[in-house]
Ligand code: SF4
Ligand code: SF4
């Protein structure tokens, strides 16, 4: 991976007497080392990618400590890694994006939860929920509840989160149960500092090896009849042990308030937003001291009935602030209080929305409703004024946005190798007719947006080929599955390719091989070009993904008979190959590997190289495309086939024509798609290819002068 985390890696080495400054997710990474973790694994994904990225780049230091790090093939293999803690007293942590990663890991997680663990096992999940989320909106808590896992949802404060990591390991050991550690997007990126402790080298590790494996113990295997006892132990021993630990170590916090008859119970991760909401209402001071006592649930599974009962006893009303649906916590609190015969009115989802992120504003509105009912004597004028101002501002913005504005959907990077493939697919459909396209997770899912609007469904990462299995038999025309190389290794090879081959399916699979798992931050994988391969090319501007042929070899090895490898940027060839795949008499699985290096990664390599050349005064040539505004017909068909952010519009310089003309602005990386599209789709001949020469030599200057003279002679001013 080209992004360097050397600064973050240095931060991990800090010890007692030093202070850590930085983001929440990095603080968690440091906390793992302070907790004596012996092994770490995971699958990258926002908002927790940094955890694994930083550790992978800190392998040398981790080797000094004896900590093992694995960049796992997917979340299932990460969860299975925690199996080391079933028998052995070693602490392990894995990480992934939830809920999708938790779904992938489900099988291994259930089988881990059933026998339980000896060493502390921690799963750091990035709860990708709410504004800015990129996956389905579901709750990890649902999973924790059904498998009887522990779930921590810590208050977003760096020192507190670090303490909670250490406690989570101990809690996991006390309850013999794996613990999930939920971090929302904001908690991952919250900044702060904490006093470091020394990192702890694990007692059992690569540096301190075991002599003998654990004795055979059928109770550690998730098979019946042991599973029947596991189920009993979860309820009868492990959860009570967890509750004892939570109380004895004060994992949940009760914060005092001036009104003992009122209360708020909040998931720890929402605490900051709650306090900000109370402050906006004038019901909390700058230090968080609130009018109502607050019970902060840093552990949301299991709840501790006695804590809930004691907090609510004697109160007239309590508001439960719980994000997402269904309202598991609120329902459990209602059941606890009913059983304990505590007559306290509980509010929650009756005043707060069932779905969507609980931002400060959303919580603020719920708080106003709560206090207006529960304590009408309190003045809520400050809050109402604040919300009124927000409404007025929103109304003004809405009025402003009602005017036509250019839509700005997310899309492929400038020069992305996947854009030309979808341009070719658009053209191929002009040849063979419309096809059903099973899309997938990855950068290529941008093709579901304009200007391509290609893709009928997304069923999961690497699941496109599998997801068309029921669709293919419904059509006379072949269906197409699109998958990235990341998705191929994550799941697609087994779930899709193996299944399609075994069943003799007649389908087309298009693999976009850009060399990295780009959508999650361009992490490397088994088919990424190695550093040696990158160094072996004479010019770093050349694509290097073709140097690693592991995907092609794997496909041939598993029995794919129809396999084509094409250059992503060669639109005409990709179109022709797609046409062939859709019409060939060959009735089995047809796979097209379209290869072109992720432009983001390529630019990361090229830019320093170019900067060094310029600094050294060496001649540098940069290719750029442009549009001849005199020739541009103004129909914008090039834009509908590309969507490149640097191919845009400008006012027509011809006073006799009103339609804006296409233009290429400065960010063009010269990928060549403009020229390819112009030829493949027979567009107007307005595109030209130029070379920007920096540090020109005398020959360049002479050639430029000659050209200008000829053009001036042919086109007098
Ligand atoms: S990160 Fe790479 S693959 Fe993804 S859109 Fe950008 S250039 Fe394309
Ligand atoms: S050649 Fe065209 S598609 Fe490629 S970066 Fe330049 S403007 Fe964008």
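Bear in mind that the values in this text are calculations on the coordinates, not laboratory data. Given the structure is predicted, the values throughout are model-derived calculations rather than measurements. Positions of Cβ are generated from backbone atoms using ideal geometry, with glycine treated the same way; all protein chains shown enter the neighbour counts.
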Just need log10 I(q)/I(0) for the chain at q = 0.07, 0.11 Å⁻¹, Debye formula, equal scatterers on the alpha-carbon atoms, no solvent, rounded to two decimals. -0.61, -1.25
Cα-based Rg of segment 38-165 per 2.2 N^0.38 Å, rounded to two decimals? 1.02
Per-selection Rg to Rh, segment 479-534 - Cα, Kirkwood hydrodynamic radius: 1.05
Can you give me the Cα centroid spacing of segment 549-581 and segment 632-696 in angstrom? 29
Given 10 Å bins starting at zero, what is the percent of C-alpha pairs of segment 113-155 in each, up to the one with the largest pair distance? 22, 48, 24, 5
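According to the square roots a ≥ b ≥ c of the eigenvalues of the Cα gyration tensor, what is the shape class of segment 451-517, taking rounded for a/c under 1.5, prolate for a/b larger than b/c otherwise, and oblate for the remainder?
On the way: a/c = 1.96, a/b = 1.22, b/c = 1.61.
The shape class here is oblate.
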Would you please state the base-10 log of I(q)/I(0) at q = 0.22 1/Å for segment 229-298, with intensities from the Debye formula using one equal scatterer on every alpha carbon? -0.89
At what distance in angstrom do the alpha carbon centres of segment 97-149 and segment 1-56 lie from each other? 21
Cα-based Debye curve of segment 475-577 sampled at q = 0.22 Å⁻¹ gives log₁₀ I(q)/I(0) of -1.34
Full-stretch length increase - residue 494, residue 475 - with 0.36 nm per residue and alpha-carbon distance subtracted: 4.4 nm
Helix 24-34 sits off the longest principal axis of the Cα atoms of the chain, rounded to the nearest 10 on a 0 to 90 degree scale, by 60
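At a Förster radius of 45 Å, what calculated FRET efficiency corresponds to the Cβ-Cβ distance of residue 506 and residue 222, to the nearest 0.05? Let's see the in-between values first.
Working: r = 39 Å, r/R0 = 0.87.
So, using R0 = 45 Å, E works out to roughly 0.70.
Give me the percent of Cα-Cα pairs in segment 504-636 that sit more than 21 Å apart, rounded to a whole number. Before the final figure, lay out the partial values.
Values: 4902 of 8778 pairs.
Summing the P(r) tail past 21 Å for segment 504-636 gives 56 percent.
Rounded, prolate or oblate: pick one for segment 188-337, where a ≥ b ≥ c are the square roots of the eigenvalues of its C-alpha gyration tensor, a/c under 1.5 means rounded, and failing that, prolate if a/b is larger than b/c, else oblate. Don't skip to the answer; put the middle values down first.
Numbers: a/c = 2.89, a/b = 1.58, b/c = 1.83.
Oblate is the answer for segment 188-337, as a/c is 1.5 or above yet b/c matches or exceeds a/b.
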Extension gain (nm, one decimal) between residue 538 and residue 657, 0.36 nm per residue minus Cα-Cα: 38.1 nm
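Calculate, for residue 231 and residue 131, the FRET efficiency according to 1/(1 + (r/R0)^6) with r their C-beta to C-beta distance and R0 30 Å; round to the nearest 0.05.
Values: r = 39 Å, r/R0 = 1.29.
E(calc), rounded to 0.05, equals 0.20.
Counting pairs of Cα atoms in segment 438-489, how many percent are more than 13 Å apart?
Details: 712 of 1326 pairs.
Every Cα pair in segment 438-489 considered, those over 13 Å come to 54 percent.
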Based on the Cβ-Cβ distance of residue 399 and residue 607, what FRET efficiency does E = 1/(1 + (r/R0)^6) give at R0 = 35 Å, to the nearest 0.05? 0.25
Geometric extent, Cα atoms of segment 177-222 - Rg, Dmax (angstrom): 18.3, 47
In nm, give the distance between the simple-model label positions of residue 159 and residue 379, each being 7 Å from the Cα along the Cα-to-Cβ direction. 3.4
Relative contact order, percent, the chain [alpha-carbon distance under 8 Å, six or more residues apart]: 10
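Rounded to the nearest 5, what % of DSSP beta bridges with both residues in segment 500-658 are antiparallel? Display every interim value, and only then the final one.
Working: 1 of 13 bridges.
If we restrict to bridges inside segment 500-658, about 10 percent are antiparallel.
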The ratio Rg/Rh over the Cα atoms of segment 601-679, Rh being the Kirkwood inverse mean 1/r radius, stands at 1.09
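Return the Rg/Rh ratio of segment 628-717 with Cα-based radii and a Kirkwood Rh.
Numbers: Rg = 15.3 Å, Rh = 15.0 Å.
Rounded to two decimals, Rg over Rh is 1.02.
Write down the percent of antiparallel bridges among all DSSP beta bridges whose residues are both part of the chain, to the nearest 5. Walk me through the numbers on the way to the answer.
On the way: 25 of 83 bridges.
Once the DSSP bridges in the chain are tallied, antiparallel ones form about 30 percent.
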Could you tell me how many degrees, from 0 to 90 and to the nearest 10, lie between the Cα long axis of helix 328-340 and the main elongation axis, the longest principal axis, of the Cα atoms of the chain? 10
State the extension gain, in nm to one decimal, for the chain segment bounded by residue 345 and residue 665, taking 0.36 nm per residue of separation less the distance between their alpha-carbons. 109.0 nm
Assuming a ≥ b ≥ c are the square roots of the Cα gyration tensor eigenvalues, decide whether segment 302-379 counts as rounded (a/c under 1.5), prolate (otherwise, with a/b larger than b/c) or oblate. oblate
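Given the rule -39500 (n - 2.57) for each run of at least 4 DSSP H residues, summed and divided by the residues of the chain, what is its mean residue ellipticity at 222 nm, to the nearest 500 deg cm²/dmol?
Values: 27 runs with 272 residues, N = 717.
Value at 222 nm, helices only: -11000 deg cm²/dmol.
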When each pair of different Cα atoms in segment 372-484 is counted once in the 1/r mean, what is the Kirkwood radius in angstroms, to one decimal? 18.1
In Å, the Kirkwood hydrodynamic radius of segment 361-437 over pairs of distinct alpha carbons? 17.8
Sorting 463, 161, 354 on the 10 Å Cβ count, fewest up front, what's the list? 354, 463, 161
Note the angle between two axes, namely the Cα long axis of helix 571-583 and the longest principal axis of the Cα atoms of the chain, as a number of degrees from 0 to 90, rounded to the nearest 10. 70
